[in-house]
Structures are given as structure tokens and as C-alpha cells.
1. Filter the range 385-434 down to the residues that are hydroxyl-bearing (Ser, Thr, Tyr), open to solvent by 20 Å² or more (accessible area, probe 1.4 Å) and under 23 Å from Gly339 (Cα atoms) and list them by number.
2. (1) assigned to a strand (DSSP E or B); (2) more than 28 Å from the chain's Cα centre (by Cα): which one isn't true of Asn154, the others all being true?
3. Scan the range 114-137 for residues that are free of Cβ contacts under 8 Å to residues at least 24 places away in the same chain and either touching a strand residue (DSSP E or B) at 6+ places or on another chain (Cβ under 6 Å) or surrounded by 22 or more Cβ atoms within 10 Å (Cβ to Cβ) (or both) and report the count.
4. Output the residue which, of all residues in the range 418-438 that are touching a Gly at 6+ places or on another chain (Cβ under 9 Å) and free of Cβ contacts under 8 Å to residues at least 24 places away in the same chain, is farthest from Glu456 (Cα to Cα).
5. Working only within the range 435-458, note down all residues that are among the β-branched types (Val, Ile, Thr) and either under 19 Å from Phe522 (Cβ atoms) or open to solvent by 50 Å² or more (accessible area, probe 1.4 Å) (or both).
6. Can you find even one residue in the range 240-247 that is open to solvent by less than 40 Å² (accessible area, probe 1.4 Å) and within 20 Å of Thr97 (Cβ to Cβ)?
7. Any idea which of (1) surrounded by fewer than 17 Cβ atoms within 10 Å (Cβ to Cβ); (2) free of Cβ contacts under 8 Å to residues at least 40 places away in the same chain is the one Arg465 doesn't satisfy?
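The values are calculated or read from the model by the stated rules, or taken from the named source; none is laboratory data. Given the structure is predicted, the values throughout are model-derived calculations rather than measurements. In this analysis, Cβ positions are derived from the backbone assuming ideal geometry, glycine residues included, and neighbour counts consider all displayed protein chains. These area figures cover heavy atoms from the full protein model, side chains too; ligands, DNA and RNA do not enter into them. Shrake-Rupley method; radii C 1.70, N 1.55, O 1.52, S 1.80 Å.
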Amino acid sequence: MRGLKLGVAAAALALLAASCSENEPSYEMVAVTGPSPFHGIHGLTVTGAGKLLAGSVVGSAIYEVDRETGETSVFEGPPTGMADDIEEGPDGTLAWTAFLDGRVYARKPDGTLLTLAEGLPGINSLAWTDDGRLFATQVFLGDALYELDPSGANPPRKIMEGMGGLNGFDFGPDGKLYGPLWFKKQAVRVDVDAGTLEVVAEGFATPAAANFNSKGELHVVDTEAGHVYRVNIETGEKTLLAEVEPSIDNLAFDAEDNLYITNMADNAVIHIDTETGRAETIVSGPLAIAGDIEISGGIVYIADLFSIRKFDIESGQVSEMARVWSSNIDYPLGISANGGMIAVAGLTSGAVQIFDQASETSLALHHGFATPADAVVLDDGSVIISEYARGAVMHVSGDDWSDRADIATGLEGPAMLKLDGSGGLYVSENLGGKIRHIDLASGEMRTVAEGLDAPEGIDIAPDGRIFVAEVGAKRISAIDLASGKKTVIKNNLPIGLAAPESAPPLFIPTGVAVAEDGDIYFSSDLDARIYRLRKG
């Protein structure tokens, strides 16, 4: 009897497998964009041993970069490797800031890992004094300066707050702390013992970080302008040394006064010759993160967190539509195109923005949404937004978007949106494992697929099926709307970057877009690349 039951079960599984793949050709997977070494790049340092280390917040890792070859390797991996800034102390202890998790970690020379601080969201920058004192600041999610106990035995001591975004900083030869005020466009001097602050230089666009070379000369990078300056700390005079693409994040000198900077949007580490101004890229990537995608007019639009990128399907070229700080965008992760309008949503920034597709001009940017995962512009110019954390899909209209109304609530993680072309909308329910259809006129909602494993990006194919990224299962599936049948298109895909404990589970959405010829494009958050699936 047991053998009969096993035989029946095996037959049933075989029939199920056959139904899932019936008449479905195999798909070949090809990367259509080049590799990227990081998942966004931020702080960096050169250790006493000569190692160039660079940190990533999204990738939750610290990387070692070979300055000669550009090769990268993971120096400190997830989850403790999240690093917005990294600095080595005089005894060889390496400390770094986990921006999203609100922690400061330290790796002692003997390999011991310590947690020096926690519960400080937005902990951003840090620096050591020559005698081993350690200081750190909160920026963006807070605005305060602390002294930390390098042993981790005592809690952080708050020195001052409300400075205006004291970002990447360094101690000068006079023992004072020097750094930029991000929101005040200034470089300042702080006496950490007296708790006083004075302005050293002004007139920056958005200064991001400051560092001294061995001669005691202060250097400041301006993320918005893409400028590298030398600043006279006595007179405040700024001397422009080099100009690169905007979105510079940080800088570091080695023992020979070679200067290195990072660029968030380009996933780049760049060497700057401070005498000639020559900028030499050591390593970079065409994409930084690779969030949601949309196909329109033969272009794959990519919400790349630090930029909006475009992949031309015919030429294979990657170009840029906008980038953070040089353009007025706010960390886009969701993207859609409809009626000549591009809409982007910033899941972590709470922002939704609309662009004219032809001119690529920003038409509207609004904040204050509850983790907006995606947005789409309707034909009448109003906007539909999925608010992931609130479990709602809302409609906004009016010149100032003051007319807001929920059209669906009670959803479990509403994520990516797709208009059906007939007055309705599909939404993937990431936490609920469903795809829902919403009638925009009546608000009637029905389930078209359920039992999905963490669905994210969706698109409607030319044959009418919905293609969906089941990120929890690392696969793309197709849903026949008439029968409800699900067909697995491809398994074992490079998708599903683990979210930090403080981030929404959606984190970096995997986008799916189906071209007119039936090719399927998807974004890989693990590889920071775009892939194509083509019928074999």
C-alpha cells in the first residue's frame, strides 16, 4: 500500500510539472549590461597596510579594491559589513557606520568584532584622533555629533546636535574636527571638547566630505558640483583641483598623499592627481543598484537608486536620464512609463516624481508618502501610488497633489503596478503572495493569482499573460489570466538581495518588462545588472 501511495504521488507530481511547463519553450539568459563591482559605494579609507577599503550600505559589505587592477573582493560581508564610512584607528582597529541599522562596528586587530553603538539611525561619518578617540555623526536620519567608546563598554556621548548635516570629516593638525555641513553648503571647524562650531569656508553646492593630506591641507568634495577642492583653513579660500561627474560621496588619502574618491551613481573609485587635476577611474559599473525597470519605445528605463538609467535595446548602450544631487531626484527604486510620462518612486525617501519622457524634464516632485514602491501616471495626468508599508493604493491629483484618496486598502505589501489599458490596474502584493486587479473607477478589487513567493515586478506580455518576478523563489513566472494557470519561465535567477533588518522586505525591487518580440528583461539586485530571457 505504501508503494502504491508513493507511486500515485510521484505520478501526480509529474503531471503537475508537465502542466507547469507544457508548450513553454526554454529561455536563454544573457546579461545585457556590464558587471558592477558594488551595490552603491560610499565611504573609503586606505589602511596602514595599504589596503584600499570601500563601503556599501545597500550591499551591507566592505570591499577591498586593488588599486592597480581594479579587482574587488569582499573584506567584511553582510550583515555586519554595512558601511557608510570606514576609518582605521591608530592601533589598527577598523570602525565603520551601518547607516540603516543605526550601529557602529569595530574590528580589532585580533579579529574581534565589537558593536560600539546602536539605536542611532542615520549614523553616517566617523573619524579617529591620533590618541585613539573616536567620533561619529548622524546625518539625514538625525543630526548629532557623538564621541564613542572604542571598547564598546560605554554608551555614546552626545556632544552637539542640529549642526546642519556634519558629514564626512577629519581631524586637522590643530586637533580640531573639520567637515562639511551638507545642508548649509559650508565647511566648518568643531572643537569636540568645547562643543563649539565655526565656519571655515562657504559657497559650496553640496559639500559631502573633507580630509587632510600629510601636509595638513584640507580637501573637500562637492557631490552636487562634482568638484574636488583644496581649502585654506585660515582664509577659507577654495582652490578647484579636479572636476568629475556629480554624486561624489567620500575621499581618502594614502600615506603618499594619493587621493581617492568614490562616486555613488557610477559605482566608482577614482584616483585624483591633485597636481594636474587628472581623474583616473580605478573601477566602476554601468549600474549602481538595478531596481525596477520599464520598457517604452525600445528603451529599458532603470530606477538605479542614485540615478535613472536607460538601456537601448537595439544598440545595447546605457545612458543616463538623471542622477542624485546634480539632478533633483530622490533615490528612485520604482519606475513606470505611460502617456509620455515617466514616474519614479523612492521607497526609502518617501518621494514620487514625474518626468516628461521626451524632454526628460522633471514636472513634479512630492515627498511624504509611506514607503512608495511604485507610481504610474494616468492619461488625465493624475497619479496612482502604491504605499508599501501602509498597505494601500492611492490616487493623487491637483496641481499640488493635495487631492488624495485611497482606492484600495488592507493589502499586504502592495508593490509594483501595471495598467491594464482598460481602466484597471494590476498590483503585486509582495507580502501577501498575490497579484490583484483594481478597477480604477469603482475600486472593485479581485485576485488574479495567489500563492506566489514574494512577487515584485510585473508586466503584461504581448500574448496577454502577466509575467511576475517571484523573488522568494528566485524565478519568473507567467500567469494566464483566463485560466489562472501559472507557468514557471526560468528558475535560479540572480535576484533576491536580502534586506537589512531595518529596511522593508521589498528593499530593492526586481523589475520585469516584456518587449514586443516576447523577450523578457529583468533587473538583478544581486548582480546590479539587467538580464534578458529569450526563447530558445
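1. Scanning the range 385-434 gives Ser397, Ser402, Ser422.
2. The failed condition is (1).
3. Counting residues in the range 114-137 that are free of Cβ contacts under 8 Å to residues at least 24 places away in the same chain and either touching a strand residue (DSSP E or B) at 6+ places or on another chain (Cβ under 6 Å) or surrounded by 22 or more Cβ atoms within 10 Å (Cβ to Cβ) (or both) gives 2.
4. Looking at residues that are touching a Gly at 6+ places or on another chain (Cβ under 9 Å) and free of Cβ contacts under 8 Å to residues at least 24 places away in the same chain, I get His437.
5. Ile435, Thr447, Ile458
6. yes
7. (1) is the only condition that Arg465 fails.
Conditions tested, residue by residue: (1) touching a residue at least 24 places away in the same chain (Cβ under 8 Å); (2) among the hydroxyl-bearing types (Ser, Thr, Tyr); (3) closer than 29 Å to Tyr388 by Cβ.
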residue	(1), (2), (3)
Ile282	yes, no, no
Gln317	no, no, no
Ala322	yes, no, yes
Gly340	no, no, yes
